[in-house]
1. When you go through G366, G297 one by one, which is the residue that is buried (at least 24 other Cβ atoms within 10 Å of the Cβ) and within 16 Å of the ligand (Cβ to nearest atom)?
2. Just give me the residues in region 319-348 being within 16 Å of the ligand (Cβ to nearest atom) and outside any loop (DSSP other than H, G, I, E, B), in sequence order.
3. Which residues, taken from region 256-272, are in a helix (DSSP H, G or I), hydrophobic (A, V, I, L, M, F, W, C) and more than 19 Å from L374 (Cβ to Cβ)?
4. Does region 420-463 hold any residues that are buried (at least 20 other Cβ atoms within 10 Å of the Cβ), of a type in the set (D, E) and in contact with a Lys or Arg (Cβ under 7 Å, 6 or more places away or on another chain), and which are they?
5. Quick one: which of D390, D401 is assigned by TED's automatic domain parsing to the domain that holds P282 and in contact with an Asp or Glu (Cβ under 6 Å, 6 or more places away or on another chain)?
6. How many residues, within region 19-45, are surrounded by fewer than 18 Cβ atoms within 10 Å (Cβ to Cβ) and either of a type outside the set (V, I, T) or in contact with a Pro (Cβ under 8 Å, 6 or more places away or on another chain) (or both)?
7. What's the number of the only condition in (1) surrounded by fewer than 24 Cβ atoms within 10 Å (Cβ to Cβ); (2) in contact with a Pro (Cβ under 7 Å, 6 or more places away or on another chain); (3) among the hydrophobic types (A, V, I, L, M, F, W, C) that M318 fails to meet?
8. Could you check region 435-481 and list, in sequence order, the residues that are of a type outside the set (V, I, T) and within 16 Å of the ligand (Cβ to nearest atom)?
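The values are calculated or read from the model by the stated rules, or taken from the named source; none is laboratory data. Not measured: the values here are computed from a predicted model. Methodologically, a virtual Cβ is constructed for each residue, glycine included, from the backbone with ideal geometry; neighbour enumeration extends over all protein chains shown.
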Amino acid sequence: MKLQEYEFWFIVGSQFLYGSEVLETVAARASEMADKMNASGILPCRIVYKVTAKTPEEISDLVKEANYCDTCAGVVTWMHTFSPSKMWIDGLRGLQKPYCHFATQYNREIPNEEIDMDFMNLNQAAHGDREHGFLGARLRCPRKVIMGYWQDEEVLQKLGAWMRAAAAAAFSKSLKVMRFGDNMRNVAVTEGDKVEAQIKLGWQVNTWPVGALVEEINAVTEAEIDALMAEYTEKYDMATDRLDVVRYQAKEEIAMRKMLDREGCKAFTNTFEDLYGMEQLPGLASQHLMALGYGYGGEGDWKVAAMTAVIKAMTEGMTGGSAFMEDYTYHLVKGSEYSLGAHMLEVCPSVAAQRPRIEVHPLGIGDRGDPARLVFEGHAGTACVVSLVDMGGRLRMICQDIEAVKPILPMPNLPVARVMWRAMPDLCTGAECWILAGGAHHTVLTYDATPEMLHDFARIMEIEFVHITKDTTPEALEQELFLQDLAWKLK
Ligand code: MN
């Protein structure tokens, strides 16, 4: 499903105490608010006013309906008046959709002349939302709390960002990952419990034989290759005359895409250690598939492949870009400290600062022909890198704030796409924190998904979230990780 096809159900709390006139006003206002919020153009998905809840049955019935409605990606609650929360217990305990408590108020100002006890009885979200908040806390509901005036742009942006995380949760729950070959031999961090990943994140991670892919590659027609070559030359500069090599990448891309689409997979992995019957490691092929929205992970890293797909779904329609990435080399000159991120081939061109070039160069590993790949620099901007690791018994998402810069060196002999960044709080402290938390060398680098969105996603999926910011210290982080470890053992 496309992002804009999802809807979020707006449930407004009240009670019978205030009489039917108040309830009619509440319902009319809730409907008006939903319409105006939709008309703002800020929310990525539609918010649909459903009910002014006055009884436990109304709430429970709507929750049951929401749980089984595929287009409903979450519920948004708000207490226009005081809504005694015992009536929410059954509904909230049964809720299986992402939940946002939107604390707001119909009126922006306290009207000096008009305010009397009737006004107070109608407009009491300030204590209604506290009653509602208590129950959420008492039930330990994983929930997003947003407070602010419902017509303010930054408030709607926050709600919109949460909607993206919730829609990504729906995407995640039906995500299938196709593995060509196993993880790179002996590597630890790309391993993980696939059953746990499916329980928590919904990912169906399965393997298909490389031989089946080779058969599919061999069945690709010249006409199919011609069509994809035309697409390549429209999007990229052909900086090689070895067109036969590029055509082979097209052939690989077409074959992989057919298999992915046939099986309904939106992410895939492969490994240079298992290319039996293939002439090249897919480079350009994987890069172009990522640009089309498929997740990818190198060396069999299915966790990063799936996260790339989830983040691309989360940020649909945004333009900063998100890519499979790997921390490669440091520039440790004092005052000018940067990480150089790249991969041996497969960085998504959605993060490119300029039109990518198709180049052909030898590849030192994998024992196959020189592969075609896209070469470019990543653009400057605020971004973050995300890693998902299996801690044994739980999944941990680690997110680090970074500032990407135009690479400070041209590096004319580096034959791959590259991104250069300053990690927060600084390169060395940031790397200390990352290593303490067990973050992988593979990440998703995203200019579009914010740490708040990723935190929202982690909360919805009930996995651990660690955020390394400009204020993080190794000492505080070490303490946080220690306490998290204890807490997660109790869960
Ligand atoms: Mn790698």
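1. Checking each option against the conditions leaves just G297.
2. Hits for region 319-348 are A323, F324, M325, E326, D327, Y328, T329, S339, L340, G341, A342.
3. M259, L260
4. If the condition is that a residue be buried (at least 20 other Cβ atoms within 10 Å of the Cβ), of a type in the set (D, E) and in contact with a Lys or Arg (Cβ under 7 Å, 6 or more places away or on another chain), then D456 is the only one that fits.
5. Every option except D390 fails the conditions.
6. Of the residues in region 19-45, 14 are surrounded by fewer than 18 Cβ atoms within 10 Å (Cβ to Cβ) and either of a type outside the set (V, I, T) or in contact with a Pro (Cβ under 8 Å, 6 or more places away or on another chain) (or both).
7. (2)
8. Listed by number, the residues that qualify are G439, A440, H441, H442, L445.
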